[in-house]
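Asker: After the structure tokens below, expect a handful of questions from me.
The values are calculated or read from the model by the stated rules, or taken from the named source; none is laboratory data. Computed from a predicted structure; not experimentally measured. Methodologically, a virtual Cβ is constructed for each residue, glycine included, from the backbone with ideal geometry; neighbour enumeration extends over all protein chains shown. Accessible surface is based on the protein model in full, side chains and every heavy atom, while ligands, DNA and RNA are left aside. Shrake-Rupley method; radii C 1.70, N 1.55, O 1.52, S 1.80 Å.
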Amino acid sequence: MSYPLRKRILVTGGAGFLGSHLCERLLTDGHDVLCIDNFFTGTKDNIAHLLDNPYFELLRHDVTFPLYVEVDEIYNLACPASPIHYQVDPVQTTKTSVHGAINMLGLAKRLKAKIFQASTSEVYGDPAIHPQPEHYWGNVNPIGPRSCYDEGKRCAETLFFDYRRQHGLRVKVARIFNTYGPRMHPNDGRVVSNFIVQALRGEPITLYGDGTQTRSFCYVDDLIEGFVRLMDSPDSFTGPVNMGNPGEFTMIELAEIVRDLTGSSSPLVYKTLPTDDPKHRQPDIRTARSAFGWEPTVPLQVGLKPTIEYFEQLLRQRL
Ligand code: NAD
Ligand code: UDP
Ligand code: UDP
């Protein structure tokens with residue numbers, strides 16, 4: 001069959017932070033979007049503004065169960081992403097990554113649909129080389145508190161490549177690095193949301209460890225542009241491909257930028273570093289640049305502004 005007018009696109013985890021931005025983008029591009037979510041960390045608020053669109057459909061569904069629908073492309077994003085959330089029920093986290101991948105790959109196989117996997121920089125664990133190119137195999141603890149997520153995502157990648165080798169599936173695997181923007185969770189313990197909420201409330205900004213560890217932060221619009229370009233890349237290009245912003249900041253630098261942009265005088269306080277917390281993380285994005293001409297365009301100081309506005313609004317609503 002050919003679908004000249006609108007592609008029917010499934011987004012799993014579509015009511016989450018990234019998923020809701022992706023649904024929005026795909027609708028803007030003129031596609032027919034089926035969003036499925038079990039609302040574990042996602043919320044209807046993230047997609048309420050899309051519900052009136054006749055080309056948007058929402059289905060409450062858990063990806064660990066089979067799903068029989070008819071679509072042309074699948075973006076598999078369903079999985080809690082922050083340690084606080086994925087450690088609530090670590091067995092369910094592994095099931096979501098592994099059983100979820102099997103079900104979505106089974107669906108893609110039946111439909112001969114192209115399928116995208118939201119993998120993660122966490123597959124590199126606490127990396128021994130810096131920045132991390134895709135051919136680096138990682139340094140992952142298989143039995144620690146982060147393993148349900150890291151190993152679940154690694155196994156999902158294995159499944160994607162085995163479905164390609166065994167069944168000829170068209171797969172696209174993105175390894176996403178820390179991303180921020182409006183609709184992040186206010187209470188998920190991530191550094192960007194924590195620092196902004198703390199700064200806006202005038203509470204102390206909590207630096208874990210000595211605050212010299214580094215991260216690279218990608219604005220959500222840049223990332224979603226990368227997803228769409230990856231999905232549209234030639235079938236011969238499968239990834240895995242790093243997606244993130246290579247700009248690298250220490251947590252102390254981030255705290256200072258957030259204090260500056262919010263005009264806050266919150267003090268900085270130091271807390272214990274969580275187990276297995278990676279010291280450095282920075283994407284090597286040469287593959288994305290050469291394969292589909294993608295690189296982020298939004299600097300941290302620029303992307304933080306709409307993110308801070310989002311949190312200001314959220315905090316006002318909750319008062
Ligand atoms: P999120 O928690 O906001 O979104 C995940 C969504 O999946 C939520 O809406 C949640 O309710 C849903 N979900 C969870 N388990 C499910 C299940 N079993 N069945 C159906 N839906 C389920 O997180 P996010 O930041 O939007 O992350 C989206 C994807 O991107 C995840 O797979 C995550 O691992 C990956 N990722 C995100 C980042 C980042 O910086 N945000 C970095 C690396 C990878
Ligand atoms: N599956 C699904 N929707 C489909 C086709 C398959 O959810 O349209 C699920 C089904 O639960 C199956 C899994 O995907 O167990 C893997 O499918 P596959 O065809 O690869 O394997 P099998 O059916 O042989 O287990
Ligand atoms: N972090 C911090 N204070 C916070 C939350 C996080 O200093 O309030 C640190 C955390 O220890 C880590 C970095 O910020 O070194 C990024 O943490 P996050 O959980 O956002 O992402 P990840 O560790 O998955 O990259």
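Asker: Sort out which residues of region 203-221 are open to solvent by 10 Å² or more (accessible area, probe 1.4 Å) and within 26 Å of D45 (Cα to Cα), and write them in order of number.
Answerer: Across region 203-221, the qualifying residues are Y219, D221.
Asker: R229 fails exactly one of the following numbered conditions: (1) in a strand (DSSP E or B); (2) at pLDDT 95 or above. What is the number of that condition?
Answerer: With (1) in a strand (DSSP E or B); (2) at pLDDT 95 or above applied to R229, the lone miss is (1).
Asker: Here is a further query. Return the residue satisfying two criteria in turn: it lies in region 163-183 and is part of a helix (DSSP H, G or I) and within 12 Å of ligand 2 (Cβ to nearest atom), and of such residues it is least open to solvent (accessible area, probe 1.4 Å). Quick ask: steps written out before the conclusion?
Answerer: The first filter runs over region 163-183 and keeps only residues part of a helix (DSSP H, G or I), leaving 163-167.
Next, only the ones that are within 12 Å of ligand 2 (Cβ to nearest atom) stay: 163, 166-167.
Details: Y163: 40, Q166: 139, H167: 82 Å².
Looking at the filtered set, the residue picked out is Y163.
Asker: How many residues, within region 37-58, are under 15 Å from M104 (Cα atoms) and more than 6 Å from ligand 1 (Cβ to nearest atom)?
Answerer: Within region 37-58, residues that are under 15 Å from M104 (Cα atoms) and more than 6 Å from ligand 1 (Cβ to nearest atom) number 0.
Asker: When you look at E248, is it acidic (D, E), closer than 24 Å to V191 by Cβ and modelled with pLDDT of 95 or more, yes or no?
Answerer: No.
Asker: OK, next. Would you check which residues across region 184-202 are assigned to a loop (DSSP other than H, G, I, E, B), open to solvent by 20 Å² or more (accessible area, probe 1.4 Å) and at pLDDT 95 or above and list them?
Answerer: To start, the set of residues in region 184-202 that are assigned to a loop (DSSP other than H, G, I, E, B) comprises 184-190, 202.
Subsequent filtering for residues that are open to solvent by 20 Å² or more (accessible area, probe 1.4 Å) retains 185-187, 189-190, 202.
Scanning region 184-202 gives a single hit, G202.
Asker: Conditions: (1) surrounded by fewer than 16 Cβ atoms within 10 Å (Cβ to Cβ); (2) outside any helix (DSSP H, G or I). S264 meets all but one. Number of the miss?
Answerer: In the conditions (1) surrounded by fewer than 16 Cβ atoms within 10 Å (Cβ to Cβ); (2) outside any helix (DSSP H, G or I), S264 misses (1) alone.
Asker: Criterion first (of a type in the set (V, I, T), assigned to a loop (DSSP other than H, G, I, E, B), open to solvent by 10 Å² or more (accessible area, probe 1.4 Å) and modelled with pLDDT of 95 or more) does I129 satisfy it?
Answerer: Against the criterion (of a type in the set (V, I, T), assigned to a loop (DSSP other than H, G, I, E, B), open to solvent by 10 Å² or more (accessible area, probe 1.4 Å) and modelled with pLDDT of 95 or more), I129 does not qualify.
Asker: Same structure again: Any idea which of (1) more than 12 Å from ligand 1 (Cβ to nearest atom); (2) farther than 21 Å from R190 by Cβ; (3) at pLDDT 95 or above is the one A101 doesn't satisfy?
Answerer: Among (1) more than 12 Å from ligand 1 (Cβ to nearest atom); (2) farther than 21 Å from R190 by Cβ; (3) at pLDDT 95 or above, the lone unmet condition for A101 is (1).
Asker: Separate question: Residue under question is K279, and the condition is that it be out of contact with any strand residue (DSSP E or B) (no Cβ under 9 Å at 6 or more places or on another chain) and open to solvent by 80 Å² or more (accessible area, probe 1.4 Å); does it hold?
Answerer: no
Asker: Looking only at helices (runs of 4 or more DSSP H) that fall completely inside region 8-119, which ones have 1 or more residues that are free of Cβ contacts under 8 Å to residues at least 60 places away in the same chain, under 21 Å from E157 (Cβ atoms) and open to solvent by 10 Å² or more (accessible area, probe 1.4 Å)?
Answerer: 90-111
Asker: Of everything in region 132-152, what is open to solvent by 10 Å² or more (accessible area, probe 1.4 Å), part of a helix (DSSP H, G or I) and in contact (Cβ under 8 Å) with a residue 60 or more places away in the chain? Give them in sequence order.
Answerer: Correct list: C148, Y149.
Asker: List pairs: first in region 176-188 and without any contact (Cβ under 8 Å) to a residue 60 or more places away in the chain, second open to solvent by less than 20 Å² (accessible area, probe 1.4 Å) and more than 16 Å from ligand 2 (Cβ to nearest atom), Cβ under 6 Å, 6+ apart or cross-chain?
Answerer: From region 176-188, no pairs qualify.
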